[in-house]
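This report refers to the structure that appears directly beneath it.
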Ligand SMILES: Cc1ncc(C[n+]2csc(CCOP(=O)(O)OP(=O)(O)O)c2C)c(N)n1
């Protein structure tokens, strides 16, 4: 078991690359096993196993700051930062939180729970870093669902004028808690169906370099005002705002992700890396029904069926009963 070698923060950096995929499989098995007993956010966490591993491998935590939007998808991050043995007490009184908590670990850069806050929080850390003339990376990871929240756009608006590095990882699994709706998912779907801009740029340049005089052509393309990306990048909203865009990148390819993160680190300004993941990845019941497995109670692993819920009233039941008699439409 490779997971046995992961006991304290940054143990993942001692692994050899050939062990990465097996570790990802073992982390998935671990999460399914534990959450089937305690309940928790399963589908989102299964989707970001490789992404989280790649972030831990490419960045220098905790000097670099990693912010998870909502934070419900931070379970692999918790495993990789020495909290593997606390999963039996996940979300229990006195036990490990289901969200990042600074008082739980100094690898948790920001306490979350609310959606769409991570880019704003990241901007704050970037500002603090620059004022103190310090040098580290700030990375905000936001889902496509959270990216539909207004606060994210207020932050993108401010990020566009940055002259120092700020990395935003867009974890696009085409889902919010349930199916995403509106214009943002539409735009992301257009980008996903295009060829990878990052790959294309790299491939075009590499091919041109091989032909005589090719370096001049690459130089010209770089300097042309109506540049290449305008022809090949649909819906280039981010680039138009002054935020560099890399992607789309396969979010289950660890080595590829690491490579792109290293490219992003060198960009002066804000950069969005569009990572495409699969919600529920590796567990068929969650892949088939990611909304049900977004947040789930204890369940049977073989069938994916939820075990009988406890008889104790939940907060939701309490409020539903308390307000059941109120009229549905209240005129003000
Ligand atoms: C302010 C606020 N509104 C709503 C929620 C409920 N909520 C929980 S997760 C989530 C978004 C989930 O979608 P996404 O960001 O794409 O992450 P995924 O679970 O798909 O990885 C939302 C809106 C919240 N946490 N905070």
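The values are calculated or read from the model by the stated rules, or taken from the named source; none is laboratory data. Note that the coordinates shown come from a computational prediction; the quantities given were computed from them, not determined experimentally. A quick note on method: Cβ atoms are made from the backbone with ideal geometry, for glycine too, and the neighbour counts reach across all protein chains shown.
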Quiz item: Taking residue 214, is it at positive phi and modelled with pLDDT under 90?
Solution: no
Exercise. Give just the number: which of (1) in contact with a helix residue (DSSP H, G or I) (Cβ under 6 Å, 6 or more places away or on another chain); (2) in a helix (DSSP H, G or I) does residue 67 not satisfy?
Key: (2)
Quiz prompt | Selection within segment 84-131 - touching a strand residue (DSSP E or B) at 6+ places or on another chain (Cβ under 7 Å) and under 15 Å from residue 40 (Cβ atoms) | solution = 90, 91, 98, 100
Quiz prompt | All positions within segment 118-147 that are within 8 Å of the ligand (Cβ to nearest atom) and in contact with a helix residue (DSSP H, G or I) (Cβ under 7 Å, 6 or more places away or on another chain) | solution = 142, 144, 146, 147
Quiz item: If you check residue 13 against the conditions, is it surrounded by 13 or more Cβ atoms within 10 Å (Cβ to Cβ) and part of a helix (DSSP H, G or I)?
Solution: no
Quiz item: Taking segment 259-278 on its own, how many of its residues are within 30 Å of residue 162 (Cβ to Cβ) and touching a helix residue (DSSP H, G or I) at 6+ places or on another chain (Cβ under 7 Å)?
Solution: 11
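Condition check ((1) closer than 28 Å to residue 26 by Cβ; (2) part of a helix (DSSP H, G or I); (3) under 19 Å from the mean Cα position of the chain (by Cα)) across all residues:
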| residue | (1), (2), (3) |
| --- | --- |
| 88 | yes, yes, no |
| 91 | yes, no, no |
| 122 | no, yes, yes |
| 125 | no, yes, yes |
| 141 | yes, no, yes |
Quiz item: Can you name the condition, by its number, that residue 103 falls short on among (1) more than 16 Å from the ligand (Cβ to nearest atom); (2) assigned to a helix (DSSP H, G or I); (3) over 12 Å from residue 9 (Cβ atoms)?
Solution: (2)
Exercise. Go over the candidates 245, 197 one by one and state the one that is surrounded by 15 or more Cβ atoms within 10 Å (Cβ to Cβ) and modelled with pLDDT under 60.
Key: 197
Exercise. Could you list, in sequence order, all residues of segment 148-193 that are near the ligand (Cβ under 10 Å from one of its atoms), assigned to a helix (DSSP H, G or I) and either crowded, with 20+ Cβ neighbours inside 10 Å or at pLDDT below 95 (or both)?
Key: 152, 185
